Amino acid sequence: MTTAPEVVVTGVGLMSALGPDAASNWSRLLLGETAIALRQPFAELPVVPLALIGKHPARLQDLVDQAVDEALQDAQISLPQLDCGVVIGSSRSHQVVWEKMAAETFEHGQPPAGDEWLASLPHMAAINTARRLGTLGPVQAPMAACATGLWAIFQGWELIRRGQCDRVLAGAVEAPITPLALAGFERMGALAQQGCYPFDLGREGLVLGEGAAVLVLESAALAQARGAHSYGKILGVGLTADGHHLSAPDPQRQSSEAALRACLRQAHLLPSEVGYLHAHGTSTRLNDAHEAALIQQVFPADVAVSSTKGSTGHTLGASGAIGTVFCLLALQNQVLPPCVGLAQPAFPLNFVRQATPQATQVALCLSFGFGGQNAVLALGSS
């Protein structure tokens, strides 16, 4: 039986309200800074805390283009890339365009032009990225709620492990700040009124943020042959679904624990070998309580835990990809990022309260999405 190739990360691109590139995001995160501020992008809706990149809601394609450019430059890869795979996911895709088209149709009775509608289909961020690369390789566009980013990285990892590609661009993008998204989360009672405080006694809900993260995945053999720098390697993935509720996690945690243990099993890891957990940490009552109980159930009490959504906001489908970049930077720099926004912990976990130097060989990134989408990714240092 042929052994699947090891997959390493040779380039990263990251754009969020915290910064336009991975370096600025990382430096501001380590300082405990936040990009969240009270904003009112839509006159018909009230002021709420948001993590906006600019003065107005961003265009999805602009975000992914910038992250792709940075990732390619970081990996020292030139265009074209004829056989490079592409996996770019988004949970909401071009929702802002759809809402505008719907409003114009309602107000003026004029349906959108065919090319405008086609250009905003859910998979177009992946298709446009493939066009920019000039690739003839496989193109995928997963949608799995807030687990989308980890699903995308998993699919890119699998393309290399199955021998279909030696190199894949994988990641996710989100531009979720629209009237419908804000009104919907507010109606659910999930939207914060003042800020994002993951795992805190005073947590009040999530804060929407914009962002994109893209990773260059390569077989270890290809990376070594071209002398590429490696941030780390993908060790394993665990994916499950609760089948429990439209938005609430299963209180029994059976499916989320199954995803976590499947990831550890595939990565040949014991819970005690994990040095850092990048938690989903949305700052909502249900998610934080569910995740804290899961961590206590599986890991030793001293495992380091933090969520970075207090800095970037919740970028929904892109959050797992952004968390993966932060995990890789933590492994590369041997520094754990703080849980920004945490003042009074509601749970007895070993939270990282400030940037902390720590020898760490393994990090896990956790994502939990609506519909019970559970995803866990294990990363190892190079």
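The values are calculated or read from the model by the stated rules, or taken from the named source; none is laboratory data. The model shown is predicted, which means the values in this text are computed figures rather than measured ones. Glycine also receives a Cβ, built like all others from the backbone with ideal geometry; neighbour counts cover every protein chain displayed.
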If you scan the stretch 322-336, which residues turn out to be closer than 13 Å to residue 280 by Cβ and among the aliphatic types (A, V, I, L, M)? 322
Residue pairs, Cβ under 8 Å, 6 or more apart or interchain, first in the stretch 103-116 and under 19 Å from residue 178 (Cα atoms), second loosely packed, with under 11 Cβ neighbours inside 10 Å. List them. 104/110
Taking the stretch 280-304 and keeping only residues that are more than 21 Å from residue 321 (Cα to Cα) and charged (D, E, K, R), one is left with 285, 302
I'm trying to understand the selection: among the residues of the stretch 196-223, which are surrounded by fewer than 21 Cβ atoms within 10 Å (Cβ to Cβ) and more than 22 Å from residue 333 (Cβ to Cβ)? 201, 202, 204, 219, 221, 222
Within the stretch 108-153, restricting attention to residues that are among the β-branched types (Val, Ile, Thr) and over 30 Å from residue 364 (Cβ atoms), which residue is surrounded by the most Cβ atoms within 10 Å (Cβ to Cβ)? 135
Residue check, residue 54 of a type outside the set (Asp, Glu), on the phi > 0 side of the Ramachandran plot and out of contact with any His (no Cβ under 7 Å at 6 or more places or on another chain): no
Going through 18, 29 one at a time, which residue ends up being at pLDDT 95 or above and touching an Asp or Glu at 6+ places or on another chain (Cβ under 9 Å)? 18
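Listed here are the residues, each with its yes/no results for (1) in a helix (DSSP H, G or I); (2) farther than 24 Å from residue 7 by Cβ; (3) of a type in the set (D, E, K, R).
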| site | (1), (2), (3) |
| --- | --- |
| 310 | yes, yes, no |
| 321 | yes, no, no |
| 341 | no, yes, no |
| 348 | no, yes, no |
| 354 | no, yes, no |
| 360 | no, no, no |
| 363 | no, no, no |
| 374 | no, no, no |
| 379 | no, no, no |
For the stretch 338-367, what are the residues that are closer than 30 Å to residue 126 by Cα and under 17 Å from the mean Cα position of the chain (by Cα)? 363, 364, 365, 366, 367
What do you reckon, is residue 78 crowded, with 24+ Cβ neighbours inside 10 Å and assigned to a loop (DSSP other than H, G, I, E, B)? no
Which residues, taken from the stretch 160-194, are in a loop (DSSP other than H, G, I, E, B) and either hydroxyl-bearing (Ser, Thr, Tyr) or over 30 Å from residue 80 (Cβ atoms) (or both)? 176, 177, 178, 189, 190, 192, 193, 194
Going through 86, 96 one at a time, which residue ends up being over 19 Å from residue 316 (Cβ atoms) and among the hydrophobic types (A, V, I, L, M, F, W, C)? 86
